[in-house]
Amino acid sequence: MNSKTYSAKRDELEARWYVIDAEGQILGRVATQVATILRGKHKPTFTPHLNCGDFVIVVNAAKIAVTGDRLDQKMYYRHSQYPGGLKEESLRQVLQKHPERAIERAVKGMLPHNRLGDDIMHRLKVYAGPQHPHQAQQPIPWAQPTAEQALAAKAEA
């Protein structure tokens, strides 16, 4: 048995493209799936200091669902750095103006807050409608692995 921890090299990494349909799905649940794929934690070759994740295309971002009264109670804040320059807008307002930003912001908060996180975010493509311009990459529809599939894969290995 090899007692050394495997660490992937940059040349060994191959990024795949996945597409996720966010229609009717809960915002936070979609964001955690996307963050996991972007980071590469679903792969056995995961290496924390490398961008070993895959590309993710999220479609139908405008049709995302939230629970409770979050549409009106969840607020996004930013400040202009001038006195009295605090801006706030609700999730409902964000989804009306730029629906893709709600998913981007949720995913960004789940990634490392450094240069690696910035690199990883460039692999996220979010679109408000069902169309996307990445057909040439032949994206695969993402299906969340179930516990049975994980056990079956473990038994094969």
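No lab work stands behind these numbers, since they all come straight from the coordinates. Only a predicted model underlies this, so the values are computations on that prediction, with no experimental measurement involved. Note: ideal-geometry Cβ built from the backbone for every residue, glycine included; neighbour counts use all protein chains shown.
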Give the total of Lys-Lys pairs in the range 1-115 with Cα-Cα distances below 17 Å; include a pair only if its members are 8 or more places apart or on different chains. 9
What does DSSP give for the chain in terms of the percent of beta bridges that are antiparallel, rounded to the nearest 5? 30
Would you mind finding the longest exposed-site-free stretch of the chain, with exposed GluC sites (Glu not before Pro) meaning DSSP loop and at most 14 other Cβ atoms within 10 Å? 24-157
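So between GLN93 and ARG78, what do we pick up on full extension, going 0.36 nm a residue minus the alpha carbon distance?
In short, 4.0 nm is gained.
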Per the helix-only model, the chain has a calculated mean residue ellipticity at 222 nm (DSSP H runs of ≥4, -39500 (n - 2.57) each, divided over all residues, rounded to the nearest 500) of -9000 deg cm²/dmol
Identify, among LEU111, CYS52, TYR76, the residue whose Cα sits farthest towards the positive end of the charge dipole of the range 47-133, taking +1 on the Cβ of Lys and Arg and -1 on the Cβ of Asp and Glu, with the dipole about the Cα centre. TYR76
What distance in nm lies between label points placed 7 Å from Cα along the C-beta direction at ALA15 and ALA143? 2.6
Of all chymotrypsin sites (Phe, Trp or Tyr not before Pro) in the range 1-54, which ones are in loop regions per DSSP and have a Cβ with at most 12 other Cβ atoms within 10 Å? TYR6
Relative to the Cα centre, what is the charge dipole magnitude of the chain, using +1 at the beta carbon of each Lys and Arg, -1 at the beta carbon of each Asp and Glu, and rounding to the nearest 20 debye? 360
Here the range 34-39 yields Karplus 3J(HN,Hα) values (6.51, -1.76, 1.60; θ = phi - 60°; whole Hz; Gly and Pro given as x) of 4, 4, 5, 5, 4, 6
